[in-house]
Amino acid sequence: MQDPIFEEYRVDAGQFWREVNALPAYYRCHGVNVSSDNSYLNHLLTYVQHGRMQGLTNAKLRELGAQIKFHPGLPEFFPYLKEQLAKLPDADRFEIRLEHYIVSTGLREMIEGSSIRPYVDGIWASEFIENPAPPHFDPDVTVALDESPAQRSLFPAAGISQIAVAYDNTSKTRALFEINKGGNKTISIDVNSTMRAEDRRVPFHHMIYIADGPSDVPAFSVMRQNSGTAYAVYDDTNDLSLEQVERLRRDGRIDHFGPADYRTGSPTGKWLWLRVKQIAQTIIQERQAALKVRIGVAPTHLPH
């Protein structure tokens with residue numbers, strides 16, 4: 001995801017990630033512990049502050065998001081799944097709907113500007129602040145949502161300067177519970193609120209979580225513990241990537257895995273459609289059974 005940023009500012013991507021990987025040890029030498037999942041966010045800010053990515057704003061990130069290159073089959077696979085689901089008998093009658101969400105340690109603004117955005121129903125990803133509230137600002141004064149260009153000019157964007165939210169391996173699970181309980185659709189529902197299983201908007205056993213990295217292990221575990229589906233993808237040009245997902249399978253952390261190729265004829269494309277169809281058919285059967293119970297047996301003429 002970050003490659004367009006490096007290309008724009010002529011930064012050596014390999015060097016940047018070597019520095020990021022060395023940050024935890026570097027800061028431990030100074031008595032500070034940092035999260036390895038999102039330390040790259042602070043390092044991006046360091047590059048901005050030192051003039052190596054001058055003018056990197058949220059608007060610029062969104063613009064660069066249009067250059068993100070996705071795995072084969074994306075984003076076309078998303079509408080394909082919905083089209084296939086709509087063809088299932090009784091899917092429309094019982095209002096079976098498929099929703100797509102992105103939960104990422106990457107950058108929200110870049111995802112917002114990418115070609116995949118029109119096909120997803122929500123995004124959980126890391127964000128930056130450009131103009132932090134200064135000391136002694138008036139907490140009672142806010143800028144209207146429909147602020148005019150003149151108002152916006154009072155807060156010129158010099159570049160990203162602080163982390164607004166950072167998603168890591170554990171905070172990804174919070175996003176799953178928000179989807180599960182429906183907090184992303186109903187603001188009044190708090191993710192920490194107690195809620196009966198039958199009242200949750202999207203049961204875990206109706207979810208499929210697709211991911212590829214170590215930062216997804218806790219989310220995979222949440223899915224497995226709650227009867228959801230955990231699917232890992234790997235880079236089929238990298239043997240180490242395959243070994244990593246095989247370890248996940250061997251340790252019982254995932255249900256299945258396949259190459260990061262979402263074309264409809266690929267193993268991943270076929271398996272995911274199969275799983276979507278299985279879940280949908282189960283929901284339809286459950287609702288048909290519930291409907292019979294509620295309606296009961298119609299009275300008939302009795303023989304004399």
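Inclusion of residue 61 among residues that are of a type outside the set (Val, Ile, Thr), at pLDDT 95 or above and farther than 25 Å from residue 209 by Cα is warranted. Cβ-Cβ distances below 6 Å connect the following pairs, each with a first residue in segment 71-97 that is on the phi > 0 side of the Ramachandran plot, a second residue that is open to solvent by 40 Å² or more (accessible area, probe 1.4 Å), and a separation of six or more residues or different chains: 73/263.
Residues in segment 92-109 that are of a type in the set (Ser, Thr, Tyr) and either surrounded by fewer than 18 Cβ atoms within 10 Å (Cβ to Cβ) or at pLDDT 95 or above (or both): 101 alone. Could you tell me whether residue 88 is within 21 Å of the chain's Cα centre (by Cα), hydrophobic (A, V, I, L, M, F, W, C), surrounded by fewer than 19 Cβ atoms within 10 Å (Cβ to Cβ) and outside any helix (DSSP H, G or I)? Against the criterion (within 21 Å of the chain's Cα centre (by Cα), hydrophobic (A, V, I, L, M, F, W, C), surrounded by fewer than 19 Cβ atoms within 10 Å (Cβ to Cβ) and outside any helix (DSSP H, G or I)), residue 88 does not qualify.
Taken over segment 262-296, the residue count meeting the criterion of being touching a Leu at 6+ places or on another chain (Cβ under 9 Å) and at positive phi is 0. Restricting attention to segment 178-189, does a residue exist that is hydrophobic (A, V, I, L, M, F, W, C) and without any contact (Cβ under 8 Å) to a residue 24 or more places away in the chain? Among the residues of segment 178-189, at least one is hydrophobic (A, V, I, L, M, F, W, C) and without any contact (Cβ under 8 Å) to a residue 24 or more places away in the chain, which makes the answer yes.
Looking across segment 197-219, the residues that are more than 19 Å from residue 278 (Cβ to Cβ) and open to solvent by less than 30 Å² (accessible area, probe 1.4 Å) come down to 211, 213, 215, 216, 219.
What's the total number of residues in segment 197-225 that are free of Cβ contacts under 8 Å to residues at least 12 places away in the same chain and not small (Gly, Ala, Ser)? Residues meeting the conditions: 3.
Name every residue in segment 224-259 that is assigned to a loop (DSSP other than H, G, I, E, B), of a type outside the set (S, T, N, Q) and open to solvent by 70 Å² or more (accessible area, probe 1.4 Å), in order of residue number.
Our first condition is that a residue be assigned to a loop (DSSP other than H, G, I, E, B); within segment 224-259, this holds for 226-228, 235-238, 251-255.
Among the residues that remain, those that are also of a type outside the set (S, T, N, Q) are: 228, 235-236, 251-255.
Across segment 224-259, the qualifying residues are 236, 251, 253.
Based on this model, can you work out whether residue 76 counts as open to solvent by 70 Å² or more (accessible area, probe 1.4 Å) and either within 25 Å of residue 261 (Cα to Cα) or at pLDDT 95 or above (or both)? Yes. Candidates are the residues of segment 110-141 that are among the aromatic types (Phe, Trp, Tyr) and outside any loop (DSSP other than H, G, I, E, B); the one that is surrounded by the most Cβ atoms within 10 Å (Cβ to Cβ) is 128. For segment 148-175, filtered to residues that are at pLDDT 55 or above and basic (Lys, Arg), the residue that is farthest from residue 62 (Cα to Cα) is 174. The requirement of being modelled with pLDDT of 95 or more, of a type in the set (Gly, Ala, Ser), open to solvent by less than 60 Å² (accessible area, probe 1.4 Å) and not in a helix (DSSP H, G or I) is fulfilled nowhere in segment 180-192; no residue meets it.
Pairs linking a residue in segment 260-282 that is assigned to a helix (DSSP H, G or I) to a residue that is of a type in the set (Asp, Glu), with Cβ atoms under 8 Å and 6 or more positions apart or on different chains, are 267/261; 268/261; 269/261.
For segment 48-73, how many residues are outside any loop (DSSP other than H, G, I, E, B) and either closer than 16 Å to residue 111 by Cα or open to solvent by less than 30 Å² (accessible area, probe 1.4 Å) (or both)? First the steps, then the outcome.
At the first step, the residues of segment 48-73 found to be outside any loop (DSSP other than H, G, I, E, B) are 48-49, 58-65.
From the residues that got through so far, the ones that are either closer than 16 Å to residue 111 by Cα or open to solvent by less than 30 Å² (accessible area, probe 1.4 Å) (or both) too are 48, 58-65.
So the answer is 9.
Within segment 23-40, the set of residues being loosely packed, with under 12 Cβ neighbours inside 10 Å and not in a loop (DSSP other than H, G, I, E, B) comprises 25, 28.
The values are calculated or read from the model by the stated rules, or taken from the named source; none is laboratory data. Everything numeric in this text was worked out from a predicted model, so none of it was measured. Cβ: placed from backbone, ideal geometry, glycine included. Neighbour counts: every protein chain shown. Heavy atoms of the whole protein, side chains included, go into the accessibility calculation; ligands, DNA and RNA do not. Shrake-Rupley method; radii C 1.70, N 1.55, O 1.52, S 1.80 Å.
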